[in-house]
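As C-alpha cells, the structure follows; a few thoughts come after it.
The values are calculated or read from the model by the stated rules, or taken from the named source; none is laboratory data. Everything numeric here is computed off the predicted structure, so don't read it as measured data. Using ideal geometry, Cβ is built from the backbone for each residue, glycine included, and neighbour counts are taken over all protein chains shown.
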Ligand SMILES: Nc1ncnc2c1ncn2[C@@H]1O[C@H](COP(=O)(O)OP(=O)(O)OP(=O)(O)O)[C@@H](O)[C@H]1O
Ligand SMILES: O=C(O)C[C@@H](O)[C@H](O)C(=O)CO
C-alpha cells in the first residue's frame, strides 16, 4: 500500500477545521436576489469530508470549535447521527457564531457562495484544545487549508500536525482555499507551505496549488518536483470537469476522468471527491481506482442539492463506475 496506516486504530480519519452551515437556494437557476427560500445543511470542507467518509462506512472523528447556539447544536447532532465522532469538538464560550454559506445556483455552470464568516467560532479553536491522545487513535489526520488563515486556529492546526507526525499518523492536507478568510496571498503561501512540507498526501485544485506557490499558471510537474522534496508521498491535482491527476513520489502519474452528469451545482465536488479518494486509498485500492471513486462521488454530489447530505455510499459510487466501464 502506498500510504501505510495502522488499521487497528479506533478512527479511520480525524478531520480538523470548520463545521458550518450551508444555506442552499431552493429556487435555483436564478440569482440570489430573487431567491426566497434556502435549505439548511451542514457544510464546511472538513466536516463534509468526515460526513462523506461515514457514508462510505468508515469511522471518522472531528476536531473543531462549535458555537454554543442552535446552529452549533444542529451541526453536532447531524454529524453524530451521520456517524462522525464529535466528542472532541469544543464549545465556544466567547459568543462567536457559526459560519454561514449562502449558495447561489444561477445555472448548472454558474454557482457562487456568499459567506458570513466574521468572528466565526471555528477560527477560535486553540492549540490547547487539540488532544494528542485523540489524534493518536487515527489512521489519518485531515487538515483543511482554511483553518490556517487566522490565529488561534492556525496554531491549533500546526499543533495537530505536530501530534500526528510525532505519533506516525499520516497527514492529508486538503488545500481548501477560500479567499475571503486570508489577509494576503503571501500569508497563504507561507502557511500552506508549512503544512504541505509536512503532509503525506496533498489534495487541491490547480488554482489552489498556485496559491501555495503564490504564482499564476503554475505547472503540475514543477509543483510536484518541489513538494516531493519534503514529506509528500502522493499529490492529487484537480482540474475541475477536465479531471484530475495523481502523482506518487516514486514517479508514477495517473489521470482520472470526470464522469459527466446533469449538474445542478458545482460546489461540493472537491469534498465528495476527497472523501471517496481517501476511502479507496484506506481500502488498499489502486490509485487508478481511487481516482475513479473520487470522480464518481463528485459526479453524484454535483447532481444533487447539498454537499454533505448528498454524499453517496459505496454501492452508488461503484454502480456509477460500472455503468461507464
Ligand atoms: N461539472 C462536473 N461534472 C462532473 N464532475 C465534476 C464536475 N466538476 C467537478 N467534477 C469532479 O469533481 C472533481 C473535483 O472538482 P474541482 O476540481 O472543481 O474541485 P473543487 O474546486 O475542490 O470543488 P469545490 O467546488 O467543492 O471546492 C473533479 O476532478 C471532477 O472529477
Ligand atoms: O465553508 C465553505 O467554504 C462552503 C461549504 O460549506 C460548502 O459546503 C462547499 O462549498 C463545499 O465545497
Answer yes or no as to whether residue 264 is more than 9 Å from ligand 1 (Cβ to nearest atom), over 16 Å from the mean Cα position of the chain (by Cα) and modelled with pLDDT under 95.
-> yes
Sole exception among (1) touching a residue at least 12 places away in the same chain (Cβ under 8 Å); (2) surrounded by fewer than 14 Cβ atoms within 10 Å (Cβ to Cβ) for residue 216, by number | (1)
Any residue at all in region 6-18 that is touching a residue at least 24 places away in the same chain (Cβ under 8 Å) and farther than 21 Å from residue 169 by Cβ?
-> no
Would you be able to tell me the number of residues in region 224-256 that are within 16 Å of ligand 1 (Cβ to nearest atom), under 20 Å from the mean Cα position of the chain (by Cα) and free of Cβ contacts under 8 Å to residues at least 60 places away in the same chain?
-> 14
Could you say which residue among 293, 247, 273 is more than 16 Å from ligand 2 (Cβ to nearest atom), within 19 Å of residue 312 (Cα to Cα) and at pLDDT 95 or above?
-> 293
Tell me, please, whether a residue that is assigned to a loop (DSSP other than H, G, I, E, B) and within 14 Å of the chain's Cα centre (by Cα) can be found in region 161-175.
-> yes
Only unsatisfied item for residue 302, checking (1) within 12 Å of ligand 1 (Cβ to nearest atom); (2) buried (at least 22 other Cβ atoms within 10 Å of the Cβ); (3) at pLDDT 95 or above, is (3)
Residue within region 137-160 that is within 16 Å of ligand 1 (Cβ to nearest atom), surrounded by fewer than 19 Cβ atoms within 10 Å (Cβ to Cβ) and farther than 19 Å from residue 274 by Cβ present | no
Residue identified as within 15 Å of the chain's Cα centre (by Cα) and at negative phi among 82, 50 = 50
So which residues in region 174-189 are within 19 Å of residue 155 (Cβ to Cβ) and away from ligand 2 (no atom under 16 Å from the Cβ), if there are any at all?
-> 183, 184, 186, 187, 189
State all residues of region 199-223 that are in contact with a strand residue (DSSP E or B) (Cβ under 6 Å, 6 or more places away or on another chain) and either in a loop (DSSP other than H, G, I, E, B) or farther than 14 Å from residue 237 by Cα (or both); if no residue qualifies, say none.
-> 199, 200
By residue number, the members of region 85-122 that are in contact with a strand residue (DSSP E or B) (Cβ under 7 Å, 6 or more places away or on another chain), away from ligand 2 (no atom under 15 Å from the Cβ), closer than 16 Å to residue 47 by Cβ and not in a strand (DSSP E or B) are 86, 88, 89, 92
For residue 103, work out the one condition from (1) touching a helix residue (DSSP H, G or I) at 6+ places or on another chain (Cβ under 9 Å); (2) more than 16 Å from ligand 1 (Cβ to nearest atom) it doesn't fulfil.
-> (2)
Would you mention how many residues in region 166-187 are surrounded by fewer than 20 Cβ atoms within 10 Å (Cβ to Cβ), over 19 Å from residue 45 (Cβ atoms) and touching a strand residue (DSSP E or B) at 6+ places or on another chain (Cβ under 7 Å)?
-> 0
Within region 21-56, restricting to residues that are assigned to a strand (DSSP E or B) and more than 14 Å from ligand 1 (Cβ to nearest atom), the one that is surrounded by the fewest Cβ atoms within 10 Å (Cβ to Cβ) is 39
Is it the case that some residue within region 293-310 is farther than 25 Å from residue 78 by Cβ and assigned to a helix (DSSP H, G or I)?
-> yes
